[in-house]
Amino acid sequence: MFDFKNKVAVVTGGANGIGKCIADTFKEYGATVYVIDIAENSTFKGDIADKDTLEAFAKKVIDECSGVDFLINNAPPLFKGITDCTYEEFCYALNVGVTAAFYLTKLFMPCFNKGASIVNISSSRDRMSQRESESYTAAKGGIHALTHALAVSLGGKVRVNSISPGWIDTNYTVYQGPDATQQPAGRVGNPKDIANAVMYLCSDMAGFITGENLCIDGGMTKQMIYHGDYGWNLSEENEK
C-alpha cells in the first residue's frame, strides 16, 4: 500500500507501544528507521528531555544518512496531576512532550528531503480532560498547537500534521461489553490504528494535507453524554 524504500524515518519513543508499532510499520514498507527512547532499542537510548541528548541523536542520524523524510514525535510525557505534580515534573513533561518535538524539527531542518513530513502524536486529551491529568494534558495540547505553527513556518518545505489517539490498548486486548460498546466504533483502538494513519499522512496521498489534526478515538469525543444517559448518573460523591 505504501512504498517508503530509500526513505528515512525518525521515531521518538519508538521502543514500545504505539511508537514501536509506527517504527515497525515503516520498516515493513521499506524505510530506514531511527529510534530514540529511554528504553533499550537498536538505535539510540536517551532521554529526549535533555538538549545534549537530542543534539547527539540528531548528529548520529545526519552523519549516517543523506537526509530525513519523516519525523514522528511520539514520546509520551509524564502523567501527573495538579495535586502531586511538582514544578520540576511539570517542566519535564513539557520538555518531553513539546520542547523535544520543536528542537528535533529545528535540528533536522537543514536536511529534510523534498516531500518530507512531520507527524506529532498528541492525544484526545488535547480537547478533553480527566481530573489530575495536568502535566500530560498540557503537553498534548502544546504539541497540537505546535503542529499548526510549524506547518505555517515550514510551508512549501515540510508538511506537519498531528494525530490525537483516544483509548489505544498497546497490548492489543480485545474488549467486550461497555468498554467496547461505549465507543461509536464499537471497539477499543490498538497501535496499528495509529500507525496506519501515520503512514497515510507521510505518503504522497496526503500531499495536500498540512497543519491538520486527525483525532482517532473511535468517535468518543463526538459522543455527548448527559446525566441520565445510558444509566450514567452524576452524584454528589462523583463531584468531589
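Points worth noting:
- Residues in segment 153-166 that are surrounded by 21 or more Cβ atoms within 10 Å (Cβ to Cβ) and not small (Gly, Ala, Ser): Val158, Arg159, Val160, Asn161, Ile163, Pro165.
- Within this structure, Ala197 passes the test of being surrounded by 14 or more Cβ atoms within 10 Å (Cβ to Cβ), under 13 Å from the mean Cα position of the chain (by Cα), part of a helix (DSSP H, G or I) and among the aliphatic types (A, V, I, L, M).
- A single entry from Asp63, Asp69 fulfils the requirement of being buried (at least 19 other Cβ atoms within 10 Å of the Cβ) and acidic (Asp, Glu): Asp69.
- Residue list for segment 80-101, filter: of a type outside the set (D, E, K, R) and surrounded by fewer than 16 Cβ atoms within 10 Å (Cβ to Cβ): Gly81, Ile82, Thr83, Thr86, Tyr87, Cys91
- Counted residues, segment 102-136 - those being in a loop (DSSP other than H, G, I, E, B), touching a residue at least 24 places away in the same chain (Cβ under 8 Å) and in contact with a helix residue (DSSP H, G or I) (Cβ under 9 Å, 6 or more places away or on another chain): 5
- Selected residue [surrounded by 15 or more Cβ atoms within 10 Å (Cβ to Cβ), β-branched (Val, Ile, Thr) and in contact with a Ser or Thr (Cβ under 6 Å, 6 or more places away or on another chain)] from Thr147, Thr105: Thr147
- Residue in segment 163-184 that is assigned to a helix (DSSP H, G or I), in contact with a strand residue (DSSP E or B) (Cβ under 8 Å, 6 or more places away or on another chain) and not charged (D, E, K, R) present: no
- One residue alone among Ser164, Ser124, Ser203, Ser129 is under 19 Å from Asn73 (Cβ atoms), more than 15 Å from the chain's Cα centre (by Cα) and of a type in the set (S, T, N, Q), and that residue is Ser203.
- When Asp179, Asp169 are checked against the criterion of being touching a Pro at 6+ places or on another chain (Cβ under 9 Å), surrounded by fewer than 17 Cβ atoms within 10 Å (Cβ to Cβ) and free of Cβ contacts under 8 Å to residues at least 24 places away in the same chain, a single residue qualifies: Asp169.
- Residues that are assigned to a helix (DSSP H, G or I) and surrounded by 15 or more Cβ atoms within 10 Å (Cβ to Cβ) within segment 28-59 comprise Thr53, Leu54, Phe57, Ala58, listed in sequence order.
- Residue pairs meeting the criteria (Cβ under 7 Å; at least 6 apart or on separate chains; first in a helix (DSSP H, G or I), in segment 140-156; second of a type in the set (Lys, Arg) and exposed (fewer than 12 other Cβ atoms within 10 Å of the Cβ)): none
Values quoted throughout were computed directly from the atomic coordinates according to the rules given, and no laboratory measurement underlies them. Predicted, not measured: the structure shown is a model, and the values here were computed from it. Backbone-built Cβ (ideal geometry, glycine too); neighbour counts: all protein chains shown.
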